[in-house]
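Here's the structure we're looking at; comments come further down.
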């Protein structure tokens, strides 16, 4: 017997380093519903190819938090969604600083696309700036985080079994406006720390020419021949530093950025669920 006739759940996510993907997929598993193929809009090709069609009766939509809002690259694909009165669960995944009101912003966007908000959550993950000298949220989502995500999925299923009401979560406008994705200078990814954070320069002697960094870049910002990074297109997700098998790509933070984020090392952040 499926909850209120809902048989399928589907995940939609943008997840350069995999933490948002793990979180939303665990939530979906926890519902006990049949899981439709996920919609991953992380890479440029997947965003271009996806026409907005979905199979899930309920969508779990996950985004990482960049400067208190959705990453610019998520906006075009999310605006292709058509809810037609279906349920959605917005999930914001942030790196130890603050989720701010990202789920309220995401809820507002999803409502404009015709979805009803059933539940919502803020989850914690390893910060994209984390590296050996700044282990910020290292290993998160950890076992406990994923247990909470799975339990949250179970609560979603329980809510569906009754006569569920929409979650009274406020809808808020995007922090940088509906059109910020059109202007590189307005991207929150580069707005605050763009000049203070960067990926290390390409080292030809160490590079093994595997092209994994090129293939993992959600912005297509790495030249496949020279491996140079287009700073204007780079969103500082540091996915390339995570996947480089030769350690050529390294996270570089200014002294100012290191001081700011070092102060967050002892922060106690826990997932928040709303249902």
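The values are calculated or read from the model by the stated rules, or taken from the named source; none is laboratory data. Just so we're clear, the structure is a prediction, and the values are computed from it rather than from any experiment. As a convention, Cβ positions derive from the backbone with ideal geometry for all residues, glycine included, and neighbour counts pool all protein chains shown.
Looking at 45, 57, can you tell me which residue is farther than 29 Å from residue 96 by Cβ, in the same structural domain as residue 21 (by TED's automatic domain parsing) and buried (at least 20 other Cβ atoms within 10 Å of the Cβ)?
Being farther than 29 Å from residue 96 by Cβ, in the same structural domain as residue 21 (by TED's automatic domain parsing) and buried (at least 20 other Cβ atoms within 10 Å of the Cβ) holds for just one of 45, 57, which is 57.
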Whether any residue in the range 143-159 is modelled with pLDDT under 95 and in contact with a strand residue (DSSP E or B) (Cβ under 9 Å, 6 or more places away or on another chain) is what I want to check.
no
Mind checking which residues of the range 241-256 are closer than 12 Å to residue 199 by Cα, assigned to a loop (DSSP other than H, G, I, E, B) and out of contact with any strand residue (DSSP E or B) (no Cβ under 9 Å at 6 or more places or on another chain)?
244, 247, 248
For the range 244-270, give me each residue that is under 24 Å from the mean Cα position of the chain (by Cα), crowded, with 18+ Cβ neighbours inside 10 Å and within 17 Å of residue 206 (Cα to Cα).
244, 249, 251
Would you say residue 3 is more than 30 Å from residue 213 (Cβ to Cβ), touching a helix residue (DSSP H, G or I) at 6+ places or on another chain (Cβ under 9 Å) and buried (at least 19 other Cβ atoms within 10 Å of the Cβ)?
yes
Failed condition for residue 188, given (1) crowded, with 21+ Cβ neighbours inside 10 Å; (2) at pLDDT 90 or above; (3) touching a strand residue (DSSP E or B) at 6+ places or on another chain (Cβ under 8 Å), with all others met?
(2)
Odd one out for residue 238, checked against (1) touching a strand residue (DSSP E or B) at 6+ places or on another chain (Cβ under 6 Å); (2) buried (at least 20 other Cβ atoms within 10 Å of the Cβ); (3) in contact (Cβ under 8 Å) with a residue 40 or more places away in the chain; (4) farther than 25 Å from residue 99 by Cβ
(4)
